[in-house]
Amino acid sequence: MSMFEGLKFRKVSSPIHDLDPRVKFFYVIAMFAVAVMYMELLPLIVLFLIQVPLVTMAKVTKQWIKSMRGAAFFASIIFFTNFIFSYLYQGQQALPSILEYSMAMTLRFIVLVESFSIFFLTTSPDHLGLALEKSHVPYEFCFAFTTAVRFVPVLAEEAQTIMDAQKARGLELEKGNILKRVRNYIPILIPLIVNAIRRSLELAEAMESRAWGATKNRTNLYELKLRRGDYILALLTVVMLVLAVYARWHIPIPRIMEIFPWKASR
Amino acid sequence: MAIIETEKLTYTYPGAEKTSIENISIKIEEGEFVLLTGPSGCGKTTLCRCFNGLIPHFYEGKLEGKIQVVGLDVVKHPIHELAKHVGLVFQNPENQLFALSVEKDVAFGLENLGIPRKEIRQRVDWALKTTDIYHLRERPPYELSGGQQQRVAIASVLAMQPEVMVLDEPTSFLDPLGAKRIFEDIHKLNKELGITIILVEHRLDLTAKYANRIIIMDNGKVILNGKPREILDSEKARLIGIGIPKVTRLYQFLNGKGMRLNYVPLSSEEMAKKLKEVFKQ
Ligand SMILES: Nc1ncnc2c1ncn2[C@@H]1O[C@H](COP(=O)(O)OP(=O)(O)OP(=O)(O)O)[C@@H](O)[C@H]1O
Ligand SMILES: [Mg+2]
C-alpha cells in the first residue's frame, strides 16, 4: 500500500509541478528505455543519482522516500530471486559478479519506480486528464479517468465504514480457511457495489444537470502550454537518450569490482 | 408570463404502478422564493426533476400534462439546453462534484457548453466569490466539509448563470449552523441577483422567513400553495405533520389564550419584536 501512497498527488507548487505532463511522460519513457538498455551497475547508479535533484526541486522528498520504502519489498524479492537463480546456475566462483548483477537488476527496478513516482507525485490528475485530452483521447475516457481518481479515496473510506459496521454486527473476516475467508467478504462487497451503483446514478444526474454533452467542442478551464522549463527538460531527455545509446555501443562499461580491485582480489 | 408553469402534470416512473406526482398545476413567478415541503416520499424530488428535464429525458417513464420553464417546453428541449436556465443542487454534495479541484468543478458546466476559456475564468471566479469559497478554489472537493462542498455545488450551478435555481434538501447532510449559513446564501442569491429559488426543505424554522410562498405536497399532489403566514397557520398544514416553526405554534398558543398579535411571525426575531411591542402597550 505504501508504494501507492508514494504515487498520490499533493498540490505543491514547484518548477517540476509546472511542467507539461506530456514532456514529463516523455522523460519517464526515456528513463524506462535507458534503464532497460543497461544491465551494469555503474550506469544504473548514475541514472538513479541524476534523478535525485528533480525530487528535491519538486519538494516532494518525503513522499518520494515513502514510495521508495514501499518499493523495498519488491526490490528485495527481485534481488533474492536474481541472486539465487544465478548462483544455482553459475556456482560459487562467480559470487562477486553475481552479487553485482543482482544489485544491478534491483536498481533497474528502483530507477523505474523512481521516475514513475516523480511523475505521479508532481502531476495533478486534472493536468493528466487534460494531457490525455490533448493527445486526442476521447473526452469520455479522460473524464472517466479523472473521476476514477477522484472517487478512489471516497470508495476506500466507504469500504472501511462498511467493514466496521459489519464487524460490529459480528462478522469475522479473518476466520476459517481460504474459501471461508473469501466468503466472509461477501457482506462487504454487496453493500459496496450497491452503493457504487446508486452513487454513479446520482453522478450521472448531476452531470446531465450541468449540460453534459451540450457541444462537441468542449472547452477547458486549464490550458497546456509548453514553456521554457518544458523545452529544457525535453532537451535534457533527448541528450540523455543519445548519450545512453552512444555509450551502449561504443564505450565498454566497467564493472564496479574492476574499478575497486581490492574487492576482486579477495 | 410565469417563469415556471405546469398544468395537470402527472408522472409515473418506468416500471412503477403508482404515479409519483399527480395533477400538479402551479405557477411560479420570476424572482420568487418558493419553499416546497411535505412528508417523505410525497414527490418533491420527482417534481424538481421535471423542472430541468431530468424527467422525462433522463428517467423516461410516463409524463402527462404540460410543463414550461423560462418559456421552454421541457419535453421538447434537451437537458443541456434547460441547464442554462435551471440549475439543480442535490441532497448529497459528495455525488455532484467530480473534479479534483474546486475551480475545475465550478467550471464543469461552462466547459460542457463550450464557453471560451477567458469567460470561464471570469465566471468561475465570480461564482466562487459570491459563495465565499474563493480561497478554497485549488482544494480537492472531497477534502472539504459538507457545508463547503454544498457551497461548491451551489457555485457550480451559479456559474452557469441560471434564472432559476432548484435546491433539493441541500442541507440534510449538514449541521444546523452550516445549514443556516447555506440558507442565508440562498437568500442572498434571491435578493441580490434576482434568481428564482425553489427550495425543498423540511426545516421551516430556518427557512420560512425567506419564502414568498410555500407549497405543500402530500401523496403526489399539491395540497397547499400560498403565502407563508397563511399556510403555516392553517389547520391543514398542521394535520399533515410538516414541521411548523415553533414561533408559529407559540403564536397559535397565545392566540388561543386571547393574546392578539396581528400577524403570524415567521422567525424568532420577528416574534421577539412583536412581543416587545405588545408588552410595552
Ligand atoms: N428513481 C425512481 N424510480 C422509481 N420510483 C421512484 C424513483 N424515485 C422516487 N420514486 C418514487 O416516487 C415517489 C416520490 O418520491 P420522491 O423521491 O419524489 O419523494 P420526496 O418527496 O423527494 O421524498 P424525500 O423527502 O424522502 O426526499 C416515492 O413513492 C418513490 O418511491
Ligand atoms: Mg427527495
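Some points to look at:
- Selection within region A:111-126 - within 12 Å of chain B (Cβ to nearest Cβ) and under 28 Å from A:Phe74 (Cα atoms): A:Thr123, A:Ser124, A:Pro125
- Flag for A:Thr123 being β-branched (Val, Ile, Thr) and either in contact with a strand residue (DSSP E or B) (Cβ under 9 Å, 6 or more places away or on another chain) or touching a residue at least 60 places away in the same chain (Cβ under 8 Å) (or both): yes
- Checked against the criterion of being over 24 Å from A:Phe32 (Cα atoms), charged (D, E, K, R) and in a helix (DSSP H, G or I), the candidates A:Glu133, A:Glu157 yield just one match: A:Glu157.
- Residue within region B:6-24 that is within 14 Å of chain A (Cβ to nearest Cβ), more than 9 Å from ligand 1 (Cβ to nearest atom), crowded, with 23+ Cβ neighbours inside 10 Å and outside any loop (DSSP other than H, G, I, E, B) present: no
- Flag if A:Leu221 is part of a loop (DSSP other than H, G, I, E, B), within 14 Å of chain B (Cβ to nearest Cβ) and open to solvent by less than 50 Å² (accessible area, probe 1.4 Å): yes
- Checked against (1) among the small types (Gly, Ala, Ser); (2) part of a helix (DSSP H, G or I); (3) within 16 Å of ligand 1 (Cβ to nearest atom), B:Ala208 passes all but condition (3).
- Residue check, B:Met165 assigned to a strand (DSSP E or B) and crowded, with 19+ Cβ neighbours inside 10 Å: yes
- Those residues of region B:25-63 which are away from ligand 2 (no atom under 13 Å from the Cβ), within 14 Å of chain A (Cβ to nearest Cβ) and either of a type in the set (D, E, K, R) or touching a residue at least 60 places away in the same chain (Cβ under 8 Å) (or both), in sequence order: B:Phe51, B:Asn52, B:Glu60
- Within region B:265-281, the residues that satisfy the criterion of being part of a loop (DSSP other than H, G, I, E, B) and modelled with pLDDT of 80 or more are B:Pro265, B:Leu266, B:Ser267.
- Residue check, A:Glu40 of a type in the set (D, E, K, R), more than 20 Å from the chain's Cα centre (by Cα) and not assigned by TED's automatic domain parsing to the domain that holds A:Val149: yes
- Condition met for B:Asp125 (more than 7 Å from every other protein chain (Cβ to nearest Cβ), within 17 Å of A:Glu208 (Cα to Cα) and acidic (Asp, Glu)): no
- Single unsatisfied condition, B:Cys42 versus (1) modelled with pLDDT of 95 or more; (2) open to solvent by less than 30 Å² (accessible area, probe 1.4 Å): (1)
- Among residues of region B:162-177 that are within 14 Å of another protein chain (Cβ to nearest Cβ), those with a Cβ under 8 angstrom from a residue that is aromatic (Phe, Trp, Tyr) and within 16 Å of ligand 1 (Cβ to nearest atom), sequence gap 6+ or separate chain, pair up as B:Val164/B:Phe51; B:Val166/B:Phe51; B:Asp168/B:Phe90; B:Pro170/B:Phe90.
- In region A:127-172, the residue that is least open to solvent (accessible area, probe 1.4 Å) out of those that are within 11 Å of another protein chain (Cβ to nearest Cβ) and over 22 Å from the mean Cα position of the chain (by Cα) is A:Glu158.
- Selection status of B:His77, more than 7 Å from chain A (Cβ to nearest Cβ) and in contact with a strand residue (DSSP E or B) (Cβ under 8 Å, 6 or more places away or on another chain): no
- Of all residues making up region B:28-68, the number that are outside any helix (DSSP H, G or I), hydrophobic (A, V, I, L, M, F, W, C) and more than 12 Å from ligand 1 (Cβ to nearest atom): 6
- Among residues of region A:56-68, those that are of a type in the set (Val, Ile, Thr) and buried (at least 21 other Cβ atoms within 10 Å of the Cβ), counted: 1
- Any chance A:Glu205 is of a type in the set (Asp, Glu), crowded, with 17+ Cβ neighbours inside 10 Å and within 14 Å of chain B (Cβ to nearest Cβ): yes
The values are calculated or read from the model by the stated rules, or taken from the named source; none is laboratory data. Predicted model, so just to flag it, every value in this text is computed and none were measured. Note that we place each Cβ from the backbone using ideal geometry, even for glycine, and neighbour counts take in every protein chain shown. All accessible areas refer to the heavy atoms of the entire protein, side chains included, with ligands and DNA or RNA removed. Shrake-Rupley method; radii C 1.70, N 1.55, O 1.52, S 1.80 Å.
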